[in-house]
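**Q** Here it is, the structure in full.
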């Protein structure tokens with residue numbers, strides 16, 4: 001079977017029952033219980049640390065509950081807070097995160113199947129984007145191959161670009177290599193530009209001390225973050241104290257980083273620069289200080305993060321982050337989030353409800369006082385959650401806690417209410433002003449579907465005999481021009497806000513704060529607006545009126561209705577000679593999103 005590895009209680013060493021006597025160390029599981037940490041190897045092994053007494057589990061903050069079946073094999077692991085099953089970002093030993101509530105194990109003849117669940121115990125995407133993973137077990141009770149399954153129970157590739165993982169091991173049984181394959185079992189290079197991942201270890205830790213990416217030619221290869229090798233240094237409590245990044249030449253190299261969203265630090269371990277160092281207070285597991293250094297081992301400001309060189313955190317007794325501050329290479333305060341908040345916010349203060357949900361986030365300036373964020377025009381945001389810990393409302397306030405309106409994503413509003421379906425997908429965003437009047441309503445699920453259709457379906461032409469070509473000047477949206485090279489413009493877009501993905505048609509989706517860019521072999525084939533911060537060459541942006549569209553572009557080539565949106569489309573040509581369509585999706589007379597695509 002696939003064994004789980006967890007921590008136990010005590011002072012040092014490993015006792016006869018297999019439970020660690022150092023509460024921070026990781027050892028093999030021999031009994032059920034509650035644990036403070038959990039991390040999974042790609043081959044299905046879980047490493048869990050710091051056992052919690054059953055009677056203290058409900059008051060210990062976030063815990064992982066491990067249940068065994070009647071054969072004393074792991075049957076289920078769940079994340080819990082205050083006695084309630086919650087959703088949380090689970091990590092693997094490669095540093096990737098996946099949001100689930102629980103995983104259940106089914107033991108079959110020669111296989112173990114992992115099923116990923118949400119808070120309602122319904123199936124949802126989990127590790128590596130799969131709804132389920134079926135591990136084939138060899139004669140040594142180790143996983144040999146992992147097969148990914150989709151929601152319909154079919155073998156399928158996920159957005160990471162592979163459908164299988166193939167494992168090999170060192171003589172001592174530790175995971176040595178992970179190869180990636182398609183549904184047919186043939187090896188592939190993943191979306192993150194990984195062909196084969198290799199791990200190395202030392203005698204003191206079960207977690208890897210280095211992770212290296214190799215290509216088909218058996219040589220080191222850089223991944224999508226431009227790094228080929230990462231090394232980890234741990235302290236005596238298995239906490240990471242240093243990460244180093246290397247290129248394919250094995251020299252130190254600064255890592256390519258996506259746009260930094262401050263809230264993500266609450267659930268993810270981050271690294272940047274050529275070297276990242278982590279400091280801790282006492283026995284706390286979360287770092288109190290994260291510092292980024294260059295190849296010369298001197299402080300370096302991360303450009304895509306607005307020159308942040310150091311992050312400083314404080315936590316409450318349950319481990320929730322209550323303060324986050326940012327500093328530059330000279331240790332002076334620098335802006336945390338220049339795109340959303342502006343240049344004047346250098347510290348966030350956070351509060352939580354009794355279920356551990358974020359309930360308030362306040363913004364502080366360089367003089368350590370509550371201030372209005374330059375761009376957001378609010379001093380704090382307050383959150384509400386339902387019994388499943390899903391965020392249901394977000395509202396904005398000034399320095400005196402007075403309600404304020406903000407302008408974001410094409411709408412001006414005080415608060416936004418989220419509505420969900422049974423799959424925990426947001427199906428409605430309802431916006432209200434300070435007088436509690438509904439001012440707008442979006443359906444993100446339908447909008448996403450419309451954008452997907454936007455890529456693959458041609459328009460339905462109206463009999464528009466007055467049509468004339470707008471010309472090649474219209475194919476730009478912000479800094480992005482359809483038909484041009486992605487490599488030539490990506491540095492102008494501020495860093496990706498999440499990992500890119502590949503759709504069923506083979507297009508690579510790159511996600512930025514203001515735009516989503518679709519790429520095929522370095523050629524930009526489509527671009528979508530994500531905010532009102534980008535405009536077309538005719539100076540139209542999200543939130544503008546239909547009248548402004550018509551004044552700028554005239555009568556459309558095609559007009560249709562989809563998912564509650566009126567679609568106005570114009571024929572344009574790229575400078576490279578590609579035939580393109582410029583689309584304005586209109587809702588209630590207002591531009592909901594803009595797209596330009598090659599047809």
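**Q** Take region 139-156 and flag every residue that is within 12 Å of residue 110 (Cβ to Cβ) and part of a strand (DSSP E or B).
**A** 143, 144, 145
**Q** For region 540-549, does any single residue satisfy the condition of being closer than 21 Å to residue 484 by Cβ and either in contact (Cβ under 8 Å) with a residue 40 or more places away in the chain or in a loop (DSSP other than H, G, I, E, B) (or both)?
**A** Yes, region 540-549 has at least one match.
**Q** Something else: Does region 173-191 include one or more residues that are farther than 22 Å from residue 136 by Cα, in contact with a strand residue (DSSP E or B) (Cβ under 7 Å, 6 or more places away or on another chain) and modelled with pLDDT under 95?
**A** Checking region 173-191: at least one residue is farther than 22 Å from residue 136 by Cα, in contact with a strand residue (DSSP E or B) (Cβ under 7 Å, 6 or more places away or on another chain) and modelled with pLDDT under 95.
**Q** Here's a follow-up. Does region 529-539 contain at least one residue that is part of a strand (DSSP E or B), under 32 Å from the mean Cα position of the chain (by Cα), at pLDDT 90 or above and under 30 Å from residue 270 (Cβ atoms)?
**A** Yes.
**Q** Consider residue 521 against the criteria (1) in contact (Cβ under 8 Å) with a residue 40 or more places away in the chain; (2) over 26 Å from residue 306 (Cα atoms): it satisfies all of them except one. Which criterion is unmet?
**A** (1)
**Q** With respect to residue 555, is the statement that it is out of contact with any strand residue (DSSP E or B) (no Cβ under 8 Å at 6 or more places or on another chain) and either without any contact (Cβ under 8 Å) to a residue 12 or more places away in the chain or surrounded by fewer than 22 Cβ atoms within 10 Å (Cβ to Cβ) (or both) true?
**A** yes
**Q** Spot the failing condition for residue 143; the list is (1) within 20 Å of residue 501 (Cα to Cα); (2) at pLDDT 95 or above, and only one is missed.
**A** Answer for residue 143: the failing condition is (1).
**Q** Moving on to the next point. Within region 82-119, can you find the residues that are over 30 Å from residue 213 (Cα atoms) and in contact with a helix residue (DSSP H, G or I) (Cβ under 7 Å, 6 or more places away or on another chain)?
**A** 82, 83
**Q** For region 293-317, give me each residue that is within 20 Å of residue 247 (Cβ to Cβ) and under 21 Å from the mean Cα position of the chain (by Cα).
**A** 302, 303, 304
**Q** Let me ask something else. Return the residues of region 196-205 that are surrounded by fewer than 19 Cβ atoms within 10 Å (Cβ to Cβ) and in contact with a strand residue (DSSP E or B) (Cβ under 7 Å, 6 or more places away or on another chain); say none if nothing qualifies.
**A** 198, 200, 205
**Q** Any residue at all in region 17-30 that's more than 28 Å from residue 165 (Cβ to Cβ), at pLDDT 90 or above and either more than 26 Å from the chain's Cα centre (by Cα) or part of a strand (DSSP E or B) (or both)?
**A** no
**Q** Filter region 108-127 down to residues that are modelled with pLDDT under 95 and not in a loop (DSSP other than H, G, I, E, B) and give me whichever is farthest from residue 86 (Cα to Cα).
**A** Per the criteria, the residue is 108.
**Q** Checking the condition modelled with pLDDT under 95, under 30 Å from residue 435 (Cβ atoms) and surrounded by fewer than 19 Cβ atoms within 10 Å (Cβ to Cβ), which residue from 317, 337, 353, 343 passes?
**A** Sole residue among the options that is modelled with pLDDT under 95, under 30 Å from residue 435 (Cβ atoms) and surrounded by fewer than 19 Cβ atoms within 10 Å (Cβ to Cβ): 353.
**Q** Scan region 486-537 for residues that are buried (at least 17 other Cβ atoms within 10 Å of the Cβ), over 19 Å from residue 582 (Cβ atoms) and in contact with a helix residue (DSSP H, G or I) (Cβ under 6 Å, 6 or more places away or on another chain) and jot them down.
**A** 495 - this is the single residue of region 486-537 that is buried (at least 17 other Cβ atoms within 10 Å of the Cβ), over 19 Å from residue 582 (Cβ atoms) and in contact with a helix residue (DSSP H, G or I) (Cβ under 6 Å, 6 or more places away or on another chain).
**Q** What's the total number of residues in region 368-386 that are part of a loop (DSSP other than H, G, I, E, B) and either modelled with pLDDT under 95 or in contact with a strand residue (DSSP E or B) (Cβ under 6 Å, 6 or more places away or on another chain) (or both)?
**A** Total satisfying the criteria: 8.
**Q** Inside region 573-599, can you point out the residues that are over 34 Å from the mean Cα position of the chain (by Cα) and crowded, with 21+ Cβ neighbours inside 10 Å?
**A** Answer for region 573-599, where residues must be over 34 Å from the mean Cα position of the chain (by Cα) and crowded, with 21+ Cβ neighbours inside 10 Å: there is none.
**Q** Every residue in region 503-515 that is at pLDDT 70 or above and either more than 21 Å from residue 534 (Cβ to Cβ) or over 15 Å from the mean Cα position of the chain (by Cα) (or both), please.
**A** Correct list: 507, 508, 514, 515.
The values are calculated or read from the model by the stated rules, or taken from the named source; none is laboratory data. No experiment lies behind these values; they were computed from the predicted model shown. As a convention, Cβ positions derive from the backbone with ideal geometry for all residues, glycine included, and neighbour counts pool all protein chains shown.
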